[in-house]
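**Student:** Here it is, the structure, as structure tokens.
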Amino acid sequence: MNTKRVLSAVLAAVCAASAFAGCSAKKLENSSSDAAAPAESSAASQEGGADTTERVIHHLTVWDDNQNTAAVLNGLTEEYQKDHPGVTIENEKIAQNDLPQKIMILASSNSLPDIFNSDRADTNASLIKSGQIKNASEVLKEAGVESCLPESVYQGLANLQGTDEMWVLPTENNIEAIWYNKKIFEENGVTVPTTWDEFTAVCDTLKNNGVQPIALFAKGKWGATRWIANMTFRRLGVQSIVDINDGVLSMSDPTVVDSAKILQDMNTKGYFGEGVNSVDEDIAYEMMLGGKAAMCYTGSWFTERLEGSDTIGEDMGLMAFPTFPDGKGSAGDYLCHYGLTLCIGAQNYDDALRDWIAYVFPRYGDYALENLGLLTPYTMQEEHETSYYTQLVLDEMQKVTGTGAWLEFKLPQKASSTVEDNVQPLLVSEITPEEYCQICDEAIKTELAKQ
């Protein structure tokens, strides 16, 4: 497999400080090359030897132990245990759709874990108000490792969450686009489309040749709403999604309704295969890896699956979401974000947790890239050989000129659930596009009025 040496400077955040505020253009930045070395833990350094303090780090996650953030935290904790044998990490996995409710249940009994996935702005705002999570920027500063993230990430996450400072920790540096099987494209005589008309022509050719054009994971719901978001900001510009979330732009806007109709029509035409609402992310990825579908819209985290495949080789490509005629958006507008962010629980925060954080997060970027092929915004201390797929993502990131958000990125929880829950009946024509958008519109107006 081809490799290319990359410096950590190349991997600075794509979603810069302006993201989701004005969504202005931003190229990959260079992070500082003189970042401070990771801090040593206080107990170990003071005693001059191993710290035998016993501490269980409780971690609520959506990932299996060998996947994504869980794998990184597990691996770095294992390293940390060499000098801190009493520190262990205990992971509790939960389905992502159930995460917001689980967090609020735990919060109601003041029993949030030490560290947990949570990227919902409204949920996090509630936890900030009740004093149940720590200010992440202050924790990193207290631990002496604030330089593990570029300044643009601090401001970018604050903008994304609607807070004055960075209260959550990033886990990835993601870009979303359409992955495609190059071999299937070649066998069926189609080329990479750049416009929506070209895209639907490719889908029609594949379908007529007995190939499922797209693996859509609608069981998780957000996999379907992403298509509406992309179609909308391709046509109305990236600010349109921010305006929907702020109640400025109605979901019943004709262009948004038409985007919902296009999604419904795609399923009616068979682009997504059978039983789309029962297909989860894992199934969709297996379809891609097994050559059972030609394309899949997802994020750069898919590289982890590709790197672990024994069969796909370099047969997968990555392309931008197609453009629409007369659209205000451009081919350089991508949906970018910092992954499923982490909150630090305040209830049991202590020196032991702070010292673990001081060890883990300055090393997060190096470990994630070297062991999982994951790109993160964390400053790295080492040079790395990038695989074919990691380099493919890096090359795509260089094309970013504007950053957009997902359809429900900062909606109140009830409104967000309405947007997601009703996309499944929309797909299978149980409700019309107009009804879908009206239902969403009413929920958004109602919930925003409560704020």
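**Student:** If A331 passes every condition in (1) open to solvent by 10 Å² or more (accessible area, probe 1.4 Å); (2) within 30 Å of T61 (Cβ to Cβ) but one, which one does it miss?
**Tutor:** Against the list (1) open to solvent by 10 Å² or more (accessible area, probe 1.4 Å); (2) within 30 Å of T61 (Cβ to Cβ), A331 comes up short only on (2).
**Student:** Can you name every residue in the stretch 310-330 that is aliphatic (A, V, I, L, M) and modelled with pLDDT of 95 or more?
**Tutor:** M316, L318, M319, A320
**Student:** Here is a further query. Please list, ordered by first then second residue, the pairs with beta carbon atoms under 7 Å, 6 or more apart or interchain, first in the stretch 422-447 and of a type in the set (S, T, Y), second part of a loop (DSSP other than H, G, I, E, B) and surrounded by 15 or more Cβ atoms within 10 Å (Cβ to Cβ).
**Tutor:** Sorted first by the residue in the stretch 422-447, then by its partner, the pairs are Y436/N422.
**Student:** Tell me whether the stretch 253-260 contains one or more residues that are open to solvent by 30 Å² or more (accessible area, probe 1.4 Å) and closer than 24 Å to R305 by Cβ.
**Tutor:** No: the stretch 253-260 contains no residue that is open to solvent by 30 Å² or more (accessible area, probe 1.4 Å) and closer than 24 Å to R305 by Cβ.
**Student:** For the stretch 310-410, which fully contained strands (runs of 3 or more DSSP E) count at least 3 residues that are touching a strand residue (DSSP E or B) at 6+ places or on another chain (Cβ under 9 Å) and more than 28 Å from N74 (Cβ to Cβ)?
**Tutor:** 316-319, 333-337, 402-404
**Student:** Among residues belonging to the stretch 205-223 that are without any contact (Cβ under 8 Å) to a residue 40 or more places away in the chain and part of a helix (DSSP H, G or I), point out the one that is least open to solvent (accessible area, probe 1.4 Å).
**Tutor:** T205
**Student:** Still on this structure: Output the qualifying pairs, or none if there are none: Cβ atoms under 8 angstrom, residues six or more apart or on different chains, first residue in the stretch 152-166 and under 16 Å from L127 (Cα atoms) and small (G, A, S), second residue open to solvent by 40 Å² or more (accessible area, probe 1.4 Å) and not in a loop (DSSP other than H, G, I, E, B).
**Tutor:** These pairs meet every condition: G162/A125.
**Student:** If I go through the stretch 395-432 residue by residue, how many of them are surrounded by 21 or more Cβ atoms within 10 Å (Cβ to Cβ) and more than 19 Å from the chain's Cα centre (by Cα)?
**Tutor:** Looking only at that region, the number is 6.
**Student:** Confirm whether R305 is open to solvent by 30 Å² or more (accessible area, probe 1.4 Å), of a type in the set (K, R) and within 19 Å of G223 (Cα to Cα).
**Tutor:** In short, yes.
**Student:** Filter the stretch 183-198 down to residues that are touching a residue at least 12 places away in the same chain (Cβ under 8 Å) and in a loop (DSSP other than H, G, I, E, B) and give me whichever is most open to solvent (accessible area, probe 1.4 Å).
**Tutor:** Per the stated criteria, the residue is T194.
**Student:** Mind listing whichever residues of the stretch 415-451 are closer than 28 Å to A215 by Cβ and not in a helix (DSSP H, G or I)?
**Tutor:** Correct list: N422, V428, S429, E430, I431, T432.
**Student:** Is it the case that Y154 is of a type outside the set (S, T, N, Q), open to solvent by less than 60 Å² (accessible area, probe 1.4 Å) and within 30 Å of L411 (Cα to Cα)?
**Tutor:** yes
**Student:** Out of (1) open to solvent by 30 Å² or more (accessible area, probe 1.4 Å); (2) free of Cβ contacts under 8 Å to residues at least 60 places away in the same chain; (3) under 24 Å from T432 (Cβ atoms), the odd one out for A201 is which?
**Tutor:** Looking at each condition in turn, A201 falls short on (3).
**Student:** Can D265 be described as in a helix (DSSP H, G or I), open to solvent by 40 Å² or more (accessible area, probe 1.4 Å) and free of Cβ contacts under 8 Å to residues at least 60 places away in the same chain?
**Tutor:** yes
**Student:** Check whether at least one residue in the stretch 171-182 is open to solvent by 10 Å² or more (accessible area, probe 1.4 Å), closer than 30 Å to K292 by Cα, part of a helix (DSSP H, G or I) and at pLDDT 95 or above, and report yes or no.
**Tutor:** The answer is yes; a qualifying residue exists.
Residue-by-condition table, conditions (1) in contact (Cβ under 8 Å) with a residue 40 or more places away in the chain; (2) buried (at least 17 other Cβ atoms within 10 Å of the Cβ):
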{"position": "E90", "(1), (2)": "no, no"}
{"position": "I94", "(1), (2)": "no, no"}
{"position": "N97", "(1), (2)": "yes, no"}
{"position": "I105", "(1), (2)": "no, no"}
{"position": "S109", "(1), (2)": "no, no"}
{"position": "P113", "(1), (2)": "yes, yes"}
{"position": "S118", "(1), (2)": "yes, yes"}
{"position": "D122", "(1), (2)": "yes, yes"}
{"position": "S126", "(1), (2)": "no, no"}
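**Student:** Pairs only if they're at least six apart or on different chains, beta carbon under 6 angstrom, first in the stretch 240-251 and open to solvent by 40 Å² or more (accessible area, probe 1.4 Å), second of a type in the set (A, V, I, L, M) and in a helix (DSSP H, G or I); list them, first residue then second.
**Tutor:** Pairs that qualify, where the first residue is open to solvent by 40 Å² or more (accessible area, probe 1.4 Å) and the partner is of a type in the set (A, V, I, L, M) and in a helix (DSSP H, G or I), are G247/L448.
**Student:** Got a sec? Which of R226, R234 is in a helix (DSSP H, G or I), open to solvent by 10 Å² or more (accessible area, probe 1.4 Å) and in contact with a strand residue (DSSP E or B) (Cβ under 7 Å, 6 or more places away or on another chain)?
**Tutor:** R226
**Student:** Being within 24 Å of the chain's Cα centre (by Cα) and part of a loop (DSSP other than H, G, I, E, B) is the filter; apply it to the stretch 268-289 and report the residue that is surrounded by the most Cβ atoms within 10 Å (Cβ to Cβ).
**Tutor:** The qualifying residue surrounded by the most Cβ atoms within 10 Å (Cβ to Cβ) is F272.
**Student:** Same structure, new question: For the stretch 223-242, how many residues are under 14 Å from C440 (Cβ atoms) and of a type outside the set (S, T, N, Q)?
**Tutor:** Residues in the stretch 223-242 being under 14 Å from C440 (Cβ atoms) and of a type outside the set (S, T, N, Q): 4 in total.
The values are calculated or read from the model by the stated rules, or taken from the named source; none is laboratory data. Keep in mind the model is a prediction, meaning the values are calculated, not measured. Backbone-built Cβ (ideal geometry, glycine too); neighbour counts: all protein chains shown. Surface areas here come from the heavy atoms of the whole protein model, side chains and all, with no ligands, DNA or RNA. Shrake-Rupley method; radii C 1.70, N 1.55, O 1.52, S 1.80 Å.
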